[in-house]
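Have a look at the structure below before the remarks.
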Amino acid sequence: QVQLVESGGGWVEVGESLRLSCSASRSTYSFASMGWYRQYPNQRREFLATLWSNEIAEYSDSVKGRFTISRDHPNNTVYLQMTNLKVEDSAAYYCNAKPYGGPASQAYWGQGTQVTVSS
């Protein structure tokens, strides 16, 4: 059974940085990709970043240049380094893992970690 556990969320001020962690129950290379999404209250989950097993990273336009996705392979962990945070970055952040050879509906999700950016 795959488990993803996010951590690192919290309350920060505009312009500050925060690093979110996603701890996986197995190697992050055992998935086609790892990713980060966020969700505002009562809205659909929004794509932020994907890190493919070949180390290619993709970002949404809203976070490109500010957020960086990376992995710590020995510790089965994926990070989202968030810099120059804005009020609109306040949301619940979710870790995602997509398996090889399966539909998107088979993706795994963590329980989320809340980020609140205040001015």
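The values are calculated or read from the model by the stated rules, or taken from the named source; none is laboratory data. Since the model is a prediction, treat every value here as computed from it, not as a measurement. Cβ placement follows ideal geometry from the backbone for every residue including glycine, while neighbour counts extend to all protein chains displayed. Side chains included, ligands, DNA and RNA excluded: accessible areas come from the protein's heavy atoms. Shrake-Rupley method; radii C 1.70, N 1.55, O 1.52, S 1.80 Å.
Counting only DSSP beta bridges with both residues in the chain, what percent are antiparallel, rounded to the nearest 5? Percentage antiparallel, nearest 5: 90. As a fraction of the 1.4 Å probe accessible area of the chain, surface on carbon and sulfur atoms comes out at 47 percent.
Among the trypsin sites (Lys or Arg not before Pro) found in region 47-81, those both in a DSSP coil and sparsely packed, with 14 or fewer other Cβ atoms within 10 Å of their Cβ, are K64. For K86, neighbours were defined as the other residues whose beta-carbon sits under 13 Å from its Cβ, and their charges (Lys and Arg +1, Asp and Glu -1) total -2. Using all pairs of distinct alpha-carbon atoms, the Kirkwood hydrodynamic radius of the chain works out to 14.2 angstrom. Structural descriptor for region 34-81: relative contact order 27 percent, calculated from alpha carbon pairs under 8 angstrom and at least 6 residues apart. The residues of the chain have, on average, 53 Å² of accessible surface per residue, using a 1.4 Å probe with all protein chains present.
In this structure S25 has an accessible area near 60 Å², from a 1.4 Å probe over the protein heavy atoms.
Across region 27-41, coupling constants 3J(HN,Hα) worked out from phi with the 6.51/-1.76/1.60 Karplus curve, θ = phi - 60°, read 3, 5, 7, 7, 10, 4, 7, 10, x, 10, 10, 9, 9, 7, x Hz, and Gly and Pro carry x. Using C-alpha pairs below 8 Å separated by at least 6 residues, the relative contact order for the chain is 37 percent.
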